[in-house]
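Report on the following structure.
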Amino acid sequence: MFLKEYISDITGAVGSLLKGMRRTGYYFLHRGEAITQQYPDNRDHMGLPERFRGEVVMPHNEQNEHRCTGCTACELACPNGTIKVVTKFEVNAEGKRKKAVDRFIYHLELCTMCNLCIEACPTDAIKMAQHFEHSVYDRSQLTKILNRPESKLQDGVE
Amino acid sequence: MTNEELIARLQDIDPSISVDAGEWPNAHIEATAWPVLAPALRLCDELAFDYLFCLTCVDWKTHLTMVYHLTSTRHRHHLVVKSKLDREAPSIRTVSDIWRTAEFHEREVFEMFGVHFEEHPDLRKLILPDDWQGYPLRKDYEDPVNMIKL
Amino acid sequence: MVEEIGTTEQGDLIINVGPQHPATHGVLHLVITLNGETVKKVEPHLGYIHRSIEKMCESLSYRQFIYSTSRMDYLSSHINNHGCALAVEKALQLEVPGRAQVIRVLMDELTRIASHVLWWGAMAMDIGAFTPFFHAFREREMINDIMEETCGARLTMNYMVPGGVMFDLHPNFYGRVKAFIRQFHKKLPEYDELVTGNTIFRSRTRGVGVLSKEDAISYGCSGPTARASGVDCDIRKLFPYEGYGKLQFEQPLATEGDTYDRYMVRMHEMRQSLSILEQLIDNIPEGDFQAKTKAVLKLPKGEFYSRVETARGEFGVYIVSEGGTTPYRIKYRSPGFSNLSALDHVVRGQKIGDLVAIMGSFDLVIPDIDR
Amino acid sequence: MWSFAALADLIHEELNAQLDPSWVLAVEMILVGLSAIGLFALLGLVLVLMERKVSAFMQIRLGPNRVGPAGLLQTLADTLKLLVKEGITPNGVDRLMFNGAPFIAMIAAMLLLAPIAFARDFQIWDLNIGVLYVSAVSSLNVIAILMAGWSSNNKYSLLGAMRSGAQIVSYELSAGLSVLTIVVLAGSLQMSEIVASQADGWWVFKGHVPALLAFVIFLIAATAETNRAPFDLSEAESELTAGFHTEYSGMKFALFFLAEYINVFIVCAIGATLFLGGWMPLHIGHWAGFNQVMDWIPSSIWFFGKTFFLIFVIMWFRWTFPRLRIDQLLDLEWKYLLPIGMVNILLVTAVAILGWHF
C-alpha cells in the first residue's frame, strides 16, 4: 500500500514535470511565436496610435501661425506646473491692445502626460505628439518653448 | 443592523456618544472613552466590528481628529468613529491589540501627525527616516528642502 | 581577517533584504532575523519611495488629483483612478452615463487581468522559474496595446475624469478585446501546464505561509490575499459600483489561506474577469462617454469615502472637503499597506525560500505601500 | 579518415624525431595543457551562447542577435567586457581565500577533463580508475564554493555556500550509485573499457530498466551537483541575490561562471560516456548497412553530439522548472533518489550476474 502510494507519487510528479517540459519544448521548436520587437530597427513601421501621449506640442500652420491666445487655461489645469505661459500685450490692426502669448514654456521633465492641459484648451492650440524618444544629455534641453519665434495668432481664433 | 438600530445600540453602550446619521453613522467620542468602546465594538455579538479598513487622522488646525472606519464582515454594517485630540499633545489608546492592522496604520499616523498611541507595542517611525523633524501631514508643516513650491 | 558577520548574541543572522533585492520587486526593505534557514522575524522598513501623495493632493483640484493615484499602485492604476472619480461623483451626486460605466468596467477588468498576469509571471520568477515571466508578458502586451490605443498611455492611463472617461472607445477596441479574449482562453491552460500543475511549484506553495481567516480580518487584508483565507471581501460583490451588480461573476474563495490558495484565487479571478469582458464587449450601450460637468469642480462640505476593488484588494479614497476647489485632506487606503502588515505574522517559522514565495503571493506593489 | 587520434600520433612522431624522449613528454604536456585551456575557453563561449539562445527560444524571445552574425560573437564581447572590468576586492574579505576560490573552482573543473575520451583513441589520461577519479575530483568543487562564500564576508554568500555544501555532499551519493550501475555492468572502472563495452549497443538500451533508471538519477544528480536550476540553491537569485558569488566581479566572477559551464560539460560528457556509449556510434543489432553508415560519422562528432544533447536537456530543465526549497532538495535526495538508487544497484547486480543484459 505504502509502496503503491510512493510509486504513484513519483509518476504523478514526473508527469507534471514532463508536461511543463513539453510546453517549453514546443516554444523551443516554434520560433515563429517569438514576440520580440527589434526596437530601434522597427522605428519606421512601429506606428504609434494617434492618441498616444508623448509630449505636448503646439501645431503651427504654413504662415507660422498658432492657435494659442494665451488664456493660461492649460497652466491652471496642469497638476504639476509643467506649463508656464508668459503673455504680452499686442496692438492689433484696429489699434486695440490685446493679450497674446509671448513664450509658451513647457517643462517636459515635469510632464506626466496626463492630457489635462489638452482637455482644458478652449482653442485646440496644443496637442499631444507621438514622439517618445526624449532622452537628452542636458536637462535644460527638456525645457521647451512651444510657440515658434515670430509666430502669430491665427486669424479668427478668440 | 440598520443605521438606526446601530445608533441606538451604540448609545446603549455609552450614552455620552453623539452619533450623526449619514451614509455611515459617525460616532464622536472622547479619547478617554476609546479604550472601553473599542473592545466593545469588536467583541459585542450584535456589532462585531472586526474589520478596521481605514485609520487616519485629520488636522483641523485647532485640533486633530482621529478617524476609524470600521465594518463587520458578519453583519456588513459600517461605523465611523471620530475622536478629537488636543493638537499640542495628542494621545489616544492604541487599538493594535484589537485590530492588528492598526499597528502599521498607527505608526504611520504617529510619524505623519505626531499622535502618541498609548501602549502601542512598537511605536517607531515606519516611513520617515528616524531623525526626521516635524509632522509632514499637519497643515502648518513647512519643509524648505523637500517641498517644491510651484 | 573575516570580522564577525552581524550575528546577535543568540546566534541569529540578521539580513537586510532590500531595498535593492530581486525578490522585493521594488524598494521594499525587510530586515529579517534568521536562525539558519528559518525566518524568525521580518520587519519592513518603508519610505524609500514615499512621495506623500496625500499631501500633494491637498493642493490639487478635483480634476487634477486623480492622475496622482496612478503612481501608487501602478499595475492597477486605472482602478485607482476609478476610485477617485467615484469619490468625486459621490460628492457631486453626478450621474455617469451608461456607456461610460461600461467602458470603465471593461477597462477595470482589463487592468485587473494585466496586473494578475504580471503577478503570475513575477511569482513564478520568485519561485525560480524564469520562463513564465516572459510568457506572461505576451498577454500583458496585448492589453497594453488596447490601453495605448484607447487611453493614450500604457501604464498610467489617466483615463478617468469625474463624470465619465476622457475619450470614447477607439474603433479598434472591439476587435482587439475579442482577439485578446480568444488568445487568453487559449493560453490560460498553458499557464497551468507551466506552473500550476508543476509538482515542484505545488510542494513549494502548499501549506506554506498560512494566513487564517481571523488573522486575515484582523490584519485588514483584502483582495485575493484575504479571499484565499475565506474572507468574502470583494467590493464588486458586496458594495457594487458602476453596474457590477448586474454582471454574472463569481468571487473565488479558498479555505486554506496558504500560498497555493492565494495563487489559485488569482488564477480564478483572471477567468472571472475574462467572463465579465465577454459579457460586456457585445453590450456596450450607445450614448455619451462623459457627463456634463463644470470646468471647476467644487465639492460640498463634508466627508466622502469611496471603495473599489483593485487587483490587490480594497482601495479606499477618503476625502474631507471644506467646500473649496481642493480637498482639505485626502487619505488613500491602499490594499498593499494592510496586506504587508500581515507578512511578519505569516512568515515566522518558514524558510527563507518561502519568504520569497509568500511575498510573491501577497503581490506587493511598493509605491502602493509607500504612497 | 581524418581523426584526432591520427593527428595526435602525427605530432607525437614528429616530436620524437626532433627531440629527446623526456623533452617530448614535457612539450606534449604543455601542448595538452594549452589545448585544455583552449577547449575551456571555446566551450565557455559556446555554452554561454547556447544557454542564452535556448532560454530565449523557450521564452518566446530571439536572444542575442546583434553582435556578429545571428549574435554569434555575443559571448566574445561579454568576455571582453569582463576582462577589462575592475576586479573589486571588498573591504573585510579574507583576501587569500577570496581571490583563490575562483581558481580552485577552475582547477577542479580542469582536473576532471583528464579521463574523458573525446574520440576514438583520443584521451588525455586513460587511467584504470577513471570513474573513481571523476567522482573523487568532482567533489572538490564544493571547496571552492565554501571558500568563496565564507571569505566574502557577506551573509548571502555564506548562506549560499552552506546550502551548496549540504547539496553537493548529498547528491554525490546518488551520482556515485548511478555511476556504479554502469561499472557493475561494464566490469571496469576504466573509461576506455566502458566505452569499448558499448560497441554493440549503449548501456542505456542494453541494461534494461535499471540502467535507464540509473540514467535518470544521474541526470538529476548531475544537475544538482553543478548547482543549476531547479537545484541552483547556492545562487538562488530571488532569495540570495547571487549566492556564493555575490561579491565577485570582473574576471573572478567570470571564472566562476566559466567553471559552472565547464562542470556542466564534464558531467554531461561523463553521462554520455557511461550511458550513451561515449564516442561509439549508434549500432542496431545486425543491420550491417545501417551500422556502416553510422561508422562513417567521425567518433568526435558522436561524442560531442551526445554531450551537447545532455547539456540541452539540462538547460531544458533549467528554463522550465521552479526552484526547490532546501529541505525539499534534501528530501528528494534522501527519500527518493537514494533508496531508488540502492534498490537499482541490487537489480543491476542481479542483471549483470545472470547475464540478462544484451
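Read the figures in this text as sums done on the coordinates, not as results from a lab. All values reported here derive from a predicted model rather than from experimental measurement. Neighbour counts run over all protein chains shown; Cβ positions are idealised from the backbone, glycine included.
Using 0.36 nm per residue of separation minus the Cα-Cα distance, give me the extension gain between D:I129 and D:E28 in nm, one decimal.
Working: separation 101, 0.36 × 101 = 36.36 nm, distance 2.27 nm.
Contour length minus Cα-Cα distance gives 34.1 nm.
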May I ask you to evaluate 6.51 cos²θ - 1.76 cosθ + 1.60, the Karplus curve with θ = phi - 60°, for each residue of the stretch C:221-235 and list the ³J(HN,Hα) values in order in whole Hz, giving x for glycine and proline?
5, 8, x, x, 4, 7, 5, 5, 8, x, 8, 7, 9, 6, 4
Under Karplus coefficients 6.51, -1.76 and 1.60, residue-wise ³J(HN,Hα) of the stretch A:20-30 in Hz, glycine/proline x
x, 5, 4, 5, 5, x, 4, 6, 5, 7, 9
So what is Rg over Rh here for the stretch B:28-150, counting just Cα atoms and using Kirkwood for Rh?
1.01
When the expected Rg is taken as 2.2 N^0.38 Å, what fraction or multiple of it is the alpha-carbon Rg of chain C?
1.01
Label point 7 Å beyond Cα of D:V169 along Cβ direction - residues of the stretch D:113-137 with amide nitrogen under 18 Å:
D:136-137
Taking a quarter of the surface of the Cα convex hull of the stretch D:93-354, what do you get in nm²?
14.0
Regarding the stretch D:25-184, what is the average projected area of its C-alpha convex hull, in nm²?
13.5
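Name the shape class, rounded, prolate or oblate, that the alpha-carbon gyration tensor gives for the stretch D:1-111, where a ≥ b ≥ c are the square roots of its eigenvalues, rounded holds for a/c under 1.5, and otherwise prolate holds if a/b is larger than b/c and oblate otherwise. Before the final figure, lay out the partial values.
On the way: a/c = 3.00, a/b = 1.37, b/c = 2.18.
Oblate is the answer for the stretch D:1-111, as a/c is 1.5 or above yet b/c matches or exceeds a/b.
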Which FRET efficiency value, to the nearest 0.05, is calculated for D:L39 and A:V86 with the Förster distance at 60 angstrom and r the Cβ-Cβ distance?
0.25
Using label points projected 7 Å from each Cα along Cα→Cβ, tell me how many nm separate B:D131 and A:H30, to one decimal.
6.0
Roughly speaking, what is the stretch gain from C:K213 to C:I281, that is 0.36 nm per residue apart minus the C-alpha to C-alpha distance, in nm to one decimal?
20.9 nm
Given backbone amide H placed at 1.01 Å from N, residues whose amide H is under 5 Å from that of B:C54, ignoring those fewer than 5 places away on the same chain, are B:H69
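Other chains' Cβ within 10 Å of C:351-362 residues: what's the mean? Please report the intermediate quantities before stating the final value.
On the way: counts 5, 8, 13, 3, 1, 7, 5, 0, 1, 1, 0, 0.
For this peptide, the per-residue mean of nearby foreign Cβ atoms is 4.
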Within the stretch B:19-35: backbone nitrogen closer than 15 Å to the B:D97 label point (7 Å, Cα to C-beta)
B:34-35
Table column - 3J(HN,Hα) (Hz), the stretch D:94-102, Karplus curve with 6.51, -1.76, 1.60, x for Gly and Pro:
7, 4, 4, 5, 4, 7, x, 4, x
Send over the semi-axes of the protein assembly as shown's equivalent ellipsoid, whole angstrom and largest first, taken as the square roots of 5 times the C-alpha gyration tensor eigenvalues.
61, 36, 28
Which value in nm describes the separation of the simple spin-label points at A:I145 and B:A89, placed 7 Å from the Cα toward the beta carbon?
6.0
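From the C-alpha gyration tensor of the stretch A:1-142, pull out the three semi-axes of the equivalent ellipsoid (sqrt of 5λ each), sorted largest to smallest, in whole Å. List each step's numbers first, then the result.
Numbers: eigenvalues 724, 67, 34 Å².
Ellipsoid semi-axes (Å, largest first): 60, 18, 13.
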In chain B, what percentage of the DSSP-assigned beta bridges are antiparallel, given to the nearest 5?
75
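Round to the nearest 0.05 the FRET efficiency obtained for A:E109 and B:S18 when R0 = 41 Å and r is the Cβ-Cβ distance.
Working: r = 51 Å, r/R0 = 1.25.
So the FRET efficiency works out to roughly 0.20.
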Using only C-alpha positions, report the orientation-averaged shadow area of the convex hull of the stretch C:25-155, nm², one decimal.
10.7
Which residues' amide hydrogens lie under 5 Å from the amide hydrogen of C:R333, considering only partners 5 or more residues apart or on another chain, with H built in the peptide plane?
C:G316, C:V317, C:Y318
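Take the Cβ-Cβ distance between D:V343 and A:R22 as r, set R0 to 30 Å, and report the resulting FRET efficiency rounded to the nearest 0.05.
0.55
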Placed amide H near D:L233: partners under 5 Å, 5+ positions off or other chain:
none
Taking max minus min of the Cα coordinates of the stretch B:3-86 on each principal axis, largest first, gives extents in Å of 37, 25, 24
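Calculate, in whole percent, how much of the Cα-Cα pair population of the stretch D:111-173 lies beyond 14 Å.
Values: 1218 of 1953 pairs.
Cα-Cα pairs of the stretch D:111-173 separated by over 14 Å account for 62 percent.
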Taking every pair of distinct Cα atoms and averaging 1/r, then inverting, what Kirkwood hydrodynamic radius in Å comes out for the stretch C:249-293?
13.0
